[in-house]
Structures are given as C-alpha cells and as structure tokens.
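Since the structure comes first, as structure tokens, the remarks are kept for the end.
The values are calculated or read from the model by the stated rules, or taken from the named source; none is laboratory data. Just so it is clear, the structure is predicted and the values come from calculations on it, not from any experiment. Every residue, glycine as well, gets a Cβ built from its backbone with ideal geometry; the counts of neighbours run over all protein chains shown. Protein only, heavy atoms only, side chains kept; ligands, DNA and RNA dropped before computing areas. Shrake-Rupley method; radii C 1.70, N 1.55, O 1.52, S 1.80 Å.
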Amino acid sequence: LHQSGTKAINPINYYNHALYLARKSGHDDFIVQVMGYIADHLLDKKDYNAVISNQLKAQRIINSKKNSPAFKHYWSVIFTLGTAYLHLRQEEKARFYFERALQLIRSPGKKPYLEYSIYHHLARYYYKEGRYDKMIKQLNHAEYFLKIWKGKEKLSDGDKYLADVYEMYYNAYKAINNLPKAIYYLEETQKQRAINIKNEMSLQYNELYAK
C-alpha cells in the first residue's frame with residue numbers, strides 16, 4: 001500500500017468514498033459494483049459475516065426495481081454470498097447460492113469459468129476439512145469445466161489455473177498415501193508450470209516487439 005508519513009492508507013476508506021459518490025449519482029449499477037469491490041476486500045480480510053451483510057444489501061438494491069440496470073451484477077453478488085458461506089462452513093447455503101449464480105449468469109463464455117470456480121472453491125473447502133475423496137470429485141469437475149472454458153476462450157489464464165488444479169490433485173493423493181497418482185500429478189504440475197512460463201515469455205516478447 002502507498003504510505004503517507006508512517007501511516008498505511010486503509011483501502012476501505014477509498015471504497016467507502018467511492019460508494020458515497022456512487023450513491024450520490026443515483027445509479028444502482030455503480031452502487032452494486034462498488035459494493036462488490038468492498039466485498040472482495042472483505043473476503044481478503046476474512047471478514048465473511050461483513051461480506052454477507054454487504055452482498056445481501058446489494059441483492060436488495062437489485063431486487064428493489066424491475067429491470068434494474070444493476071441486474072448484470074446479480075450473478076456475481078450471489079456467487080460472492082456462496083463463497084462467504086462456504087468459508088463459514090455452511091456448505092448447504094453455499095451450494096444454494098452457487099447453483100443460483102449459475103442460473104443467473106447470462107454470458108455463455110463466462111459460464112464454464114464460473115462452474116470451474118465453484119468446484120475449485122468446493123475442492124479447497126474439502127481439503128481443509130480433510131475430506132479428500134470429495135475433494136478429488138470436485139477437482140474432476142473443475143478440470144472438466146476449465147478445459148471447456150480454455151477451449152472456448154483460448155486464453156493462457158486457463159493454463160495457469162490448470163497448474164493449480166494439478167497441484168491440488170497432488171496434495172489430495174499425497175494425503176491419502178496414493179503415491180503413484182501423487183507422483184503423476186506432481187509431474188503434471190511441473191509440466192503445466194513450464195507451459196505457463198513459456199506462455200508468459202511469449203506474451204512479453206510480443207509486447208516488446210509491438211513497441
């Protein structure tokens with residue numbers, strides 16, 4: 001963070017000021033968007049109850065008007081609620097909101113990524129809970145939807161996420177002492193990271209030659 005003197009600047013002050021300006025404008029889509037930024041900040045701070053309070057307010061704003069221009073943010077609000085409930089170990093509520101987010105998202109291109117994100121979140125949750133068989137099942141789904149998203153969008157970001165999925169497989173199989181599969185996914189992780197480095201270097205070379 002930038003610093004003024006010896007005091008670190010608290011980002012929430014900027015977000016609150018942005019929210020004040022958004023409310024002053026009277027545009028619900030701006031208000032809900034800024035509330036989403038605040039929710040992301042609160043997620044980073046692990047203040048999950050505050051995230052839920054924030055996003056339930058955003059949901060009420062969206063629902064307060066018919067054909068609200070803020071509706072485009074609705075799926076994101078609902079997904080964030082699911083994420084917060086999952087961190088609070090309220091799995092049923094989290095799944096409810098995740099399923100609702102999938103129903104609400106309108107962009108066909110974004111849907112596979114959202115599906116990947118949901119299963120990835122659930123896999124991390126089961127890892128923390130020590131429920132490795134369930135974790136592996138979620139990773140199977142996450143990998144499937146990630147490859148669909150990667151194929152449609154043809155983005156190198158898909159490769160970055162795939163390396164993380166392989167590493168999670170490795171951790172799961174290591175935890176249940178399935179050494180052959182643990183070794184296999186360790187090697188897949190390293191291969192995928194090598195692809196990621198190559199993609200990143202290609203991107204940087206293209207940027208240099210474009211100047």
- Of the residues that sit in segment 47-73 and are at pLDDT below 95 and hydroxyl-bearing (Ser, Thr, Tyr), which one is least open to solvent (accessible area, probe 1.4 Å)? Ser68
- Of these, Ile12, Ile38, Ile52, Ile61, which one is farther than 22 Å from Leu139 by Cβ and in contact with an Asp or Glu (Cβ under 7 Å, 6 or more places away or on another chain)? Ile61
- Positions within segment 89-141 being open to solvent by less than 60 Å² (accessible area, probe 1.4 Å) and assigned to a loop (DSSP other than H, G, I, E, B), in sequence order: Ile105, Ser107, Gly109, Gly130
- Among the residues of segment 173-190, count how many are exposed (fewer than 15 other Cβ atoms within 10 Å of the Cβ) and farther than 17 Å from Tyr132 by Cα. 2
- Item | Residue list for segment 166-211, restricted to those being among the aliphatic types (A, V, I, L, M), modelled with pLDDT of 95 or more and in a helix (DSSP H, G or I) | Met168, Ala172, Ala175, Leu179, Ala182, Ile183, Leu186
- Note on the structure: Considering residues that are at pLDDT 90 or above, over 16 Å from the mean Cα position of the chain (by Cα) and of a type in the set (Val, Ile, Thr), the number found within segment 1-46 is 3
- Query: Condition test on His73, is it of a type outside the set (A, V, I, L, M), part of a helix (DSSP H, G or I) and touching a Pro at 6+ places or on another chain (Cβ under 7 Å)?
  - Reply: no
- Every pair of residues 6+ apart whose Cβ atoms lie under 7 Å, when the first sits in segment 51-70 and is within 13 Å of Ala84 (Cβ to Cβ) while the second is open to solvent by less than 20 Å² (accessible area, probe 1.4 Å) and of a type in the set (Val, Ile, Thr): Val51/Thr80; Asn54/Ile38; Gln55/Val77; Gln55/Thr80; Ala58/Val32; Ala58/Val77; Gln59/Val77
